[in-house]
Structure formats: C-alpha cells, structure tokens
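Working notes for the structure below.
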Amino acid sequence: MPAVEERRFRKVLIANRGEIAVRILRALRELDILGAVVYSDADRESLAVLQADEAYRIGPPPSAESYLKMEAIVDLAVEIGADAIHPGYGFLSERAEFSALCRQRGVGFIGPSPEAIAAMGSKTEARARMIAAGVPVVPGSEGALADLAAARELAASLGYPVILKASAGGGGKGMRIVRQESELAEAYRTARAEAGASFGDDAVFLERFVAQPRHVEIQVLGDLHGKVVSLGERECSLQRRHQKVVEEAPSTVVTPELRRRMGAAAVAAARAVGYSNAGTCEFLLAGSGDFYFLEMNTRLQVEHPVTEMVTGLDLVVAQLRIAQGEPLGAEFDDVETHGHAIEVRLYAEDPYNRFAPSPGRIEWLRLPQGPGVRNDAGVYGGSEISIHYDPLVAKLIVWGRDRGEALRRLGRALDELRVEGIRTNVPLFEALLANEEFRRAEFDIHWLDRKLAAGELVPPERGVGSDVPILAAAIEQFARAQRTAAQPVGVSHREAWTGAARRAALRSPTWS
Ligand code: MV4
C-alpha cells in the first residue's frame, strides 16, 4: 500500500441539504474546518444555509438541476478553495463517477473510492466478490441470468419461493417474489423491463426467498491505510415499503457471538473491495440464526446516530479524519456498545392519508430535549417543507441504559414534540409505542406493512368534509387512548390542543 499523505482540510463543501447538511456542519465546526453548502432556490432559507460558514446557490428546486449537478458542484469546490466534498446520503453519495470526478479535479471525496462504489453498486458483481471472500450470501445465481430457461432451471434447484432482483438495483426497486414456477415467466419479463426502465440495465439475478427475516446491518469504517473495523449492528426491520421508519441498536436478537460473526463478515466484505470511509453492510437475519449479505451502502446512512449513541463515537468526525488521511486509532479497536438507542424518522407525511406527503410551512416547532434525547433536525419553526425532496424533516434519537428506558424516553420525547402547520408521522410512533409486539421487539421486515394493511396501527379512515380539526383531535385522542392503555399516565394537562390554546390566550389582546 502506498504511503498516504496526511493533510488538514481548511474548508469542506457539503453537496447535500436538510438535516444531514446540518449534521455535517456540526462535525466540521468541532474540527475547526469551514463548512460551505450548496442550496437550491427551495432551500434559500434552510437551517443548513443559516448555519453554514458559506452558502452558494446551485440552481432551481428540482434535484436534477441542483443537488445532482456533479460538474457544477465540483467546479464550485475548486472555485471556493474547498479541500473536499461531503456528499451526505442520497443525491451524489453513491455515484462512482462523482467520486472519480472529485479525484480527477484534485478535490477530496469524503467517501470510498470510485472502484469500491462501483463494485458494490453492481449487485451481481458484489455477490461474486462476497462469495470469493467467504461472506455468506443467499443461495442463488452466480451472475446475471442468461435467459428464462436459466432462471427456470435455477429456481427449480433452489426451490420456491425465489426472488428476482435487478443487478443495478438496490433498496427494493425492480424486485419480484416468485411463489411458484407458473409465475416465473411473467415475473422474469416484468423484472427485466422494470430494471431496464429504472436503471438502464436490464440484468437480473435470482435468489432463494428468505421468509420473514430481520434486516440487520453492520456499520464499518475503513481508513486509507488498510484498517477496517466493525462498530456493531443496527436493527432496521421496521420499514414501510422499503422506507425505514424506526432503527435501533443493539438488535435484541443478536448475541455477542453472532455480533462477532456478522462483524467479521462485514469487515471481510469491505476488505474485498478495498473499502475506505464509512459504509454499511446489510444482512438478512433468518429465524434460524443464519445471516446473508444483501448489499453494501457505500455512504453515511440516515440511521448512523443510533450507532453513535451506543458507541460514543462521532461517525462524521471519523469520516473527515479518514479522508484527511489519518489512521483509525485505538478507540476503534474492539468497540463495545453501551445501553440502547432508538431513532424514529419524522416525515412530513400524513399517516391517515396513505402517508401522502404533507408539504407546507412549519408554523410552530418544539423539539424535545432532556436526558437521553437527541434530535437531528433540518428545520426550525417557520421552515417551509418543499415538495421537491425527501419528506424527512428530523430524526429523533433516544438513548437509555436498556431498551425499556429508551422506549420510555421515546414516549416522553414524543409528548414534548410539537410540529404544527404540517402533518407528520408522529401518530404512527405513538401507535407503535402502544403495540405489545413492538415493545417486545417481535417483528420482521414485513411486520409494519402487515400491521398497517390490517389497520392495527392507525385509526379508521378520516371522513371527508370540513371536520378536519375535530377529527384531528379525535385521532390524537385515539392514539393517546392506545398509549395510555399500555402505559397509564395522566395526560390531560399536556394535550396538544391545550398548548395551542394557551399560546393563543397569551397572544390575544382581549386578555390583556
Ligand atoms: C430479499 C428478501 C428475502 N429474500 N432477498 C429488500 C430491499 C433489498 N435491499 C433487498 N430486499 C430483500 N431481499 C431474499 N433473498 C427480502 C427483502 C426485503 C423485502 C422484500 C419484500 C418486501 C419487503 C422487504 C423489506 C425488506 C427486505
């Protein structure tokens, strides 16, 4: 391995927005590095823009004309004298060409090499590399399927059900579950067509379908000197249509022995592609205790704070130090975790209207504070939630000495939280907290979709017409009634309506 030159960044450009841009600014400030952000017209008054040392308009609201403009962003970095670019998550974070472009232009990329991103971006190549490295994968095809006959032959030998996946896919796009041979031809055709349309690459592969597994992922860090470490797992089984809703660490089903084995597999996976910086290996964990590598996310993830809370490490600071060429120090050896952390993703969406996006102005915002509570927010009271981007507005992360304490703190934090002016998925979290299976951590990757489909986590359909405020109150009451059934507490004095009424009364001139 060639000697890596260590250098100190003086300025870093953040090619992202929202809560993650704010999160990265915090790490930069702690390292005394200037933080610059790009912003679209929709984000002119964003929290990240307000907090950054420098902010540069990059274009109109659509991502394709702003946050995805690789050349313009690298040009800007060069022009303003930024030493490196942090891509955050989403947008350009997993584009091998962008990592390559930064390299070519002499700008640091705070993430892995283009080669590592590309190797993991192709799911068939990743599978082949994992098999060669001894990392367990789900039994299935060696590479892309040549034709339907090959699919039929392989499926028959694996046994049904099987799952077809796009080689260029990930995160659930272009997948087809095939329960029996009679469904295979149609599924093969539509999977290829969807893969071709979505990714410009219609290669698909096939695996045995693992029934009712958990999604457990391992956080890794690799430095530029060849050291790779595992920071333990995150349990991310609570997803709605491939969108994570709740994440926690540690997983209640991962024993110390399993943690060692999964950690070793994740480290081997990273080594197999020459991985550096922060990355995450996703595994399916079957009820049998067998685990299988699914894919590697070659970026910082949304849910990184739960790992930070249980390890006491700052992953964004670690990313910056790694990119500066610093070796991972002894604090990263055999990292042990303490206590339990849970993150809920606060989305601007309406859980009573099929989770439709709920854009608009946040009229009032009170973020929870106090022992064991962290919130990573990209907004303030008065912020406008745009339709152009992901509806994630903030993450609420709680820590407790054990899962029970974390759950109690989550309940208390959700009580403190007020978001007015837009709808959020907070009622879903309240319903979850009232659910015994959730409280016992008895779930798998399909559990949330199953419960929502069965109507067990949300009240009945809201009616049409002008009864919205009354129905909102009724819904609030319903969610609370569910909660109080599990956890009897007096709540009347902290109703959301009371808070609003008190503020109105205090403001009203007729009362003075
Ligand atoms: C699977 C699987 C079961 N068996 N692969 C979903 C996203 C992508 N990362 C891979 N995914 C899955 N791959 C095998 N061999 C289950 C999932 C999966 C899933 C599948 C259908 C519906 C919801 C799901 C949620 C999480 C994971």
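Values in this text are rule-based calculations from the coordinates and carry no lab data. The shown structure was predicted, so the numbers you read here are calculated from the model rather than taken from an experiment. With ideal geometry, Cβ positions are generated from the backbone for all residues, glycine too; neighbour counts draw on all protein chains shown.
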Let me check I've understood the local charge: for ASP75, count other residues with C-beta under 12 angstrom from its C-beta, Lys and Arg +1, Asp and Glu -1. What total comes out? 0
Under a Cβ-Cβ cut-off of 15 Å, what is the net charge of the residues other than ARG57 that fall near it, where Lys and Arg count +1 and Asp and Glu count -1? -4
Net charge near ILE131, counting Lys/Arg +1 and Asp/Glu -1 over other residues with Cβ under 15 Å of its Cβ? +1
Please report the relative contact order for the range 86-207, taking Cα pairs under 8 Å with a sequence separation of at least 6, and give it as a percent rounded to a whole number. 21
Karplus ³J(HN,Hα) for the range 441-446 (6.51 cos²θ - 1.76 cosθ + 1.60, θ = phi - 60°; Hz, whole; x = Gly/Pro) runs 6, 9, 8, 9, 5, 9
Given a cut-off of 22 Å, name the pairs among LYS173/LYS244; LYS123/LYS227; LYS165/LYS395; LYS69/LYS395; LYS11/LYS69 whose C-alpha atoms lie farther apart than that in the structure shown. LYS123/LYS227; LYS165/LYS395; LYS69/LYS395
Around VAL38, which amide H atoms from residues at least 5 apart in sequence, or from another chain, sit under 5 Å from its own amide H, with H modelled in the peptide plane? ILE14, ASN16, TYR56
With x for Gly and Pro, the residue-by-residue ³J(HN,Hα) of the range 295-310, computed from phi through the Karplus equation 6.51 cos²θ - 1.76 cosθ + 1.60 at θ = phi - 60° and given in whole Hz, is 6, 10, 8, 8, 7, 6, 9, 3, 8, 4, x, 5, 5, 4, 5, 8
Non-local residues with an amide H under 5 Å from the amide H of GLU295, with H modelled 1.01 Å from N and Pro and chain starts lacking one, are GLU282
Arranged from highest to lowest average of other beta-carbon atoms within 10 Å per residue, in what order do the peptides 216-222, 325-331 appear? 216-222, 325-331
Using alpha-carbon pairs under 8 Å, 6+ residues apart, how would you state the relative contact order of the range 1-98 in percent? 33
Hey, what's the Kirkwood Rh for the range 147-287 if you take every pair of different alpha carbons, in angstrom? 16.8
Using the crude model of +1 on Lys and Arg Cβ and -1 on Asp and Glu Cβ, and no other charge, please compute the dipole size for the range 82-133 relative to its Cα centre, in debye to 20. 120
What 222 nm value per residue comes from the helices of the chain, counting each DSSP H run with n ≥ 4 as -39,500 (n - 2.57) and dividing by all residues, nearest 500 deg cm²/dmol? -10500 deg cm²/dmol
Give a residue-ordered list of calculated ³J(HN,Hα) values for the range 90-100 (Karplus: 6.51 cos²θ - 1.76 cosθ + 1.60, θ = phi - 60°; whole Hz; x for Gly, Pro). x, 6, 9, 5, 10, 9, 4, 4, 6, 4, 5
Can you tell me the length gained on complete extension of the stretch ASP333 to ASP75, counting 0.36 nm per residue apart and subtracting the Cα distance? 89.1 nm
Backbone N under 17 Å from the ASP32 label point (7 Å along Cα→Cβ), restricted to the range 65-93: none
For the chain, calculate the relative contact order in percent as a whole number, restricting contacts to Cα pairs under 8 Å that are 6 or more residues apart. 13
Taking the Cβ-Cβ separation of ALA146 and LEU258 as r and a Förster radius of 45 Å, what is the calculated FRET efficiency to the nearest 0.05? 0.80
With a Förster distance of 25 angstrom and the Cβ-Cβ distance between ALA504 and GLN477, calculated FRET efficiency to the nearest 0.05 equals 0.80
How much length would be gained if the chain were fully extended between ARG440 and ILE177, taking 0.36 nm per residue of separation minus their Cα-Cα distance, in nm to one decimal? 91.8 nm
